[in-house]
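These notes concern the structure reproduced below.
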Amino acid sequence: MHIDFAPPSNGTYNNAGSCRQLANYMEHEDLERMEKGIYSEGFFNLTDDNIYKSKVIKDIDRNIGQLLKTDAKFYAIHVSPSEKELRTMGNTEQEQAEAMKRYIREVFIPEYAKNFNKELSASDIKFYGKIHFDRSRSDNKLNMHCHLIVSRKDQTNKKKLSPLTNHKNTKNGIIKGGFDRVNLFQQAEQGFDKLFSYNHKLSESFKYSNTMKNGSIDDKLKMQEQELKEPMQYFTNEKKTEVFQSSEKENKISCNLDSRQEDRRSYNQRNNSNSESLLSISSLGDSNNDSTLSEDIQANKLKKKKKEGIRR
């Protein structure tokens, strides 16, 4: 899950004045999709869907109590799932869009509120979201992502909330609280895993990418060691069943081969023993014939001697 805060600029993301320009941009995809008869999504907030753009602009632009002319009036946030995450969120664009709205409402906004360390909840945050399905500069097949306009002030129009501050849980001084963006990204990722029963591989996690980008050499080496120790694959229940059935088939094949080899050995042994028996019988018969033959020869010799003796 890639989350980023668009830096203020003089164009679409100019947040020192009205949010009209950003709201117009967030609707740019709808016309193209409607002309093609393709499903599109309207603006949404914590509780409602299909909110008119005019209401979004009016609500954000009026929630600016005690802000100076040059102060930020709102912030733009992009929430972009990876292709693997999107496949987990649904099979169709509409399913993925519904899952994204659920994620924003149940995970991201609550974690966003909590990160200010001011005992805020999701209902304290004034925001509007818009789902986009295409990204012109991407070659991915799945590109659904969400744009958020988040007011600088809370719902009561009393508390200033800045996610771009460098303060983190400050307890002393003029500014109390702060905002820990690293913690937000980690909590948002863990919340995604829990909500959709997903398991991020280490190499796909925010912790890994943040360490490899900003960590020390020792931290990077430790992270790579952890990656090497990580199991090679993560299986869904369906794949686990396939693997089990495959191994079961391999075991059956192995048993059949062993059984056949055993039968062949038994058959050869029987044949060998039969051959040996035949050879033994044959040799025994030959020896009996030889002894009988020698007895006949000796008898003939005695007869000849007797005849010779009579003649003398």
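The values are calculated or read from the model by the stated rules, or taken from the named source; none is laboratory data. As the structure is a computational prediction, the values presented were derived from the model and not from experiment. Heads up, the Cβs are rebuilt from the backbone with ideal geometry, glycines too, and the neighbour counts pull from every protein chain shown.
Would you call Lys126 farther than 14 Å from Glu41 by Cβ, among the charged types (D, E, K, R) and modelled with pLDDT of 95 or more? Steps first, please.
On the way: farther than 14 Å from Glu41 by Cβ: yes; among the charged types (D, E, K, R): yes; modelled with pLDDT of 95 or more: yes.
Yes: the conditions hold for Lys126.
Please give the number of the condition Asn140 fails out of (1) surrounded by fewer than 16 Cβ atoms within 10 Å (Cβ to Cβ); (2) more than 21 Å from Ile3 (Cα to Cα).
All conditions are met except number (2).
Could you tell me which residue of the range 74-92 is farthest from Lys141 (Cα to Cα), considering only residues that are surrounded by fewer than 16 Cβ atoms within 10 Å (Cβ to Cβ) and either in contact (Cβ under 8 Å) with a residue 60 or more places away in the chain or not hydroxyl-bearing (Ser, Thr, Tyr) (or both)?
Within the range 74-92, the first condition is being surrounded by fewer than 16 Cβ atoms within 10 Å (Cβ to Cβ), and the residues that meet it are 78, 82-84, 87, 91-92.
Going one step further and asking which of them are either in contact (Cβ under 8 Å) with a residue 60 or more places away in the chain or not hydroxyl-bearing (Ser, Thr, Tyr) (or both), we end up with 78, 82-84, 87, 91.
Details: His78: 19, Ser82: 11, Glu83: 8, Lys84: 11, Arg87: 11, Asn91: 13 Å.
Looking at the filtered set, the residue picked out is His78.
Among the listed residues Phe44, Phe108, Phe74, identify the single one that is aromatic (Phe, Trp, Tyr) and in contact with a Gly (Cβ under 7 Å, 6 or more places away or on another chain).
Details: Phe108 fails: in contact with a Gly (Cβ under 7 Å, 6 or more places away or on another chain); Phe74 fails: in contact with a Gly (Cβ under 7 Å, 6 or more places away or on another chain).
Going through Phe44, Phe108, Phe74 in turn, just one is aromatic (Phe, Trp, Tyr) and in contact with a Gly (Cβ under 7 Å, 6 or more places away or on another chain): Phe44.
So that you can scan it fast, the table gives a plain yes or no per residue for (1) at pLDDT below 90; (2) within 24 Å of Ile57 (Cα to Cα); (3) touching a strand residue (DSSP E or B) at 6+ places or on another chain (Cβ under 9 Å); (4) not in a loop (DSSP other than H, G, I, E, B):
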{"position": "Arg137", "(1), (2), (3), (4)": "yes, no, no, no"}
{"position": "Lys158", "(1), (2), (3), (4)": "no, yes, no, no"}
{"position": "Pro163", "(1), (2), (3), (4)": "no, yes, yes, no"}
{"position": "Asn172", "(1), (2), (3), (4)": "yes, no, no, no"}
{"position": "Phe179", "(1), (2), (3), (4)": "no, no, no, no"}
{"position": "Leu195", "(1), (2), (3), (4)": "no, no, no, yes"}
{"position": "Tyr208", "(1), (2), (3), (4)": "no, no, no, yes"}
{"position": "Thr211", "(1), (2), (3), (4)": "no, no, no, yes"}
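Does Phe116 count as in the same structural domain as Asp154 (by TED's automatic domain parsing), of a type outside the set (Gly, Ala, Ser), modelled with pLDDT of 95 or more and buried (at least 21 other Cβ atoms within 10 Å of the Cβ)?
Working: in the same structural domain as Asp154 (by TED's automatic domain parsing): yes; of a type outside the set (Gly, Ala, Ser): yes; modelled with pLDDT of 95 or more: no; buried (at least 21 other Cβ atoms within 10 Å of the Cβ): yes.
Considered against the rule, which asks whether it is in the same structural domain as Asp154 (by TED's automatic domain parsing), of a type outside the set (Gly, Ala, Ser), modelled with pLDDT of 95 or more and buried (at least 21 other Cβ atoms within 10 Å of the Cβ), Phe116 comes out as no.
Out of the range 84-113, which residues are acidic (Asp, Glu) and at pLDDT 95 or above? Outline the logic, then answer.
Applying the first criterion (acidic (Asp, Glu)) to the range 84-113 yields 85, 93, 95, 98, 106, 111.
Scanning the range 84-113 gives Glu85, Glu95, Glu98, Glu106, Glu111.
Just to check your reading of the model, which residue among Phe108, Phe116 is in contact with a strand residue (DSSP E or B) (Cβ under 9 Å, 6 or more places away or on another chain), within 28 Å of Asn14 (Cα to Cα) and assigned to a loop (DSSP other than H, G, I, E, B)?
Exactly one residue qualifies, and that residue is Phe116.
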